[in-house]
Amino acid sequence: MILPLSRLTPPVDLAAEIQRLKKAKNAVILAHYYQADEIQDQADFIGDSLQLAREAANSKADIIVFCGVHFMAETAKILSPQRQVLLPDLAAGCSLADSAPAKEFAAFVAAHPGHVVVTYVNSSAAVKALSDYCVTSSNAVAVVESIPKDQPIIFAPDRFLGDYVRQKTGRDLVLWEGSCEIHELFSAQAIIDLKQANPGCITLVHPECPATVRDLGDVVGSTKALLEAVKKGAADGTYLVVTEPGIIHQMRRAQPKARFLEAPASVKGSKDGSCTSCNTCPHMRLNTLEKLWRCLAEGRPEITLDATLIERARLPIERMLAVG
Ligand code: CIZ
């Protein structure tokens, strides 16, 4: 009797079986820096949205297994529609993408005629299709700077990244009021306390954080930029990491002798007003090693997108890839 695939029993050595299936099926595993360590360890490429979108666009594999969240796998599908794109857990969403429903966003764009629409890649395919440019935190400043100075711009959906881009470029952006549920919660007071307790530590802050937190950073930048800062920094340094702590796995690989401190989130009602486990993205962490194995074994869950939507969302993403 052939068992339904969903009843497959996990193998004892998940990692070995993942690597075997990957080769047998000509699949490539892409993992975001915010994935759990054991998933990063199985990946062919680890990176931020921009690096992984480039890998997806250039991939020759038959199957792309995207260990990240839904909008990232959608972006891979848009760039490689001829390939099967799998996401280990289809429910792995993103609070930023959810903060901009396509219907409301279309009304917002219509209420601002003459504006160019610049959208953070953390958005649904339907919102990308309403946009002129996509950006990641790696190239948001460069993309906005590439647009003529007298051109009014909408920036969506992250108001904090938009505020950072506004600060860096001096441009007057119309912001959509979205935010990342993790980055908006980092506690400025806890970071001040950690800096005092660890004199000389290098504070690394992601631009999705509010200005009060960004102002405490020695380096403010995308995950890739923060990782680069560690690679170029002191081998025996102490680094205070103010972003999702999944990135620390690659930082530790780059500087095994360094010390890494996780910045806590601020949580009203907790004993000291902060919470260390609240800095972890619950959506990213829905992917597990067992789900990665299962999706390779079963060939699902698969990302499917309407061909017209793929066509409309492709141009803003290609413009994003064109700016370094
Ligand atoms: O763009 C990305 O991959 C995200 C979500 C953060 C970053 O800075 O890399």
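The values are calculated or read from the model by the stated rules, or taken from the named source; none is laboratory data. None of these values were measured; they are calculated from a predicted model. So basically every Cβ, Gly included, is an ideal-geometry build from the backbone, and we count neighbours across all protein chains shown. Remember, those area values only see protein heavy atoms, side chains included, never the ligands or the DNA or RNA. Shrake-Rupley method; radii C 1.70, N 1.55, O 1.52, S 1.80 Å.
Here L79 meets each of (1) crowded, with 22+ Cβ neighbours inside 10 Å; (2) outside the structural domain of E318 (by TED's automatic domain parsing); (3) more than 20 Å from D48 (Cβ to Cβ) with one exception, condition (3). Of the residues making up the stretch 91-124, those that are part of a loop (DSSP other than H, G, I, E, B) and either out of contact with any helix residue (DSSP H, G or I) (no Cβ under 7 Å at 6 or more places or on another chain) or on the phi > 0 side of the Ramachandran plot (or both) are S99, P101, A111, H112, P113, G114, H115.
From P199, P245, P207, which residue is more than 16 Å from the ligand (Cβ to nearest atom) and at pLDDT 95 or above?
Numbers: P245 fails: more than 16 Å from the ligand (Cβ to nearest atom); P207 fails: more than 16 Å from the ligand (Cβ to nearest atom).
Residue meeting the stated conditions: P199.
Cβ-Cβ distances below 7 Å connect the following pairs, each with a first residue in the stretch 213-224 that is within 7 Å of the ligand (Cβ to nearest atom), a second residue that is of a type in the set (D, E, K, R) and not in a helix (DSSP H, G or I), and a separation of six or more residues or different chains: S222/D48; T223/D48; K224/D48.
Residues that are among the aliphatic types (A, V, I, L, M), touching a residue at least 40 places away in the same chain (Cβ under 8 Å), more than 12 Å from the ligand (Cβ to nearest atom) and part of a helix (DSSP H, G or I) do not occur anywhere in the stretch 41-53.
Can you tell me which residue among I18, I63 is farther than 21 Å from H249 by Cβ, away from the ligand (no atom under 16 Å from the Cβ) and open to solvent by less than 40 Å² (accessible area, probe 1.4 Å)? Step through it out loud before you land on a result.
Values: I18 fails: farther than 21 Å from H249 by Cβ.
Every option except I63 fails the conditions.
Can you find, within the stretch 63-90, the residue that is farthest from Y34 (Cα to Cα) among those that are among the hydrophobic types (A, V, I, L, M, F, W, C) and part of a strand (DSSP E or B)? Restricting to residues being among the hydrophobic types (A, V, I, L, M, F, W, C) and part of a strand (DSSP E or B), the top hit is I63.
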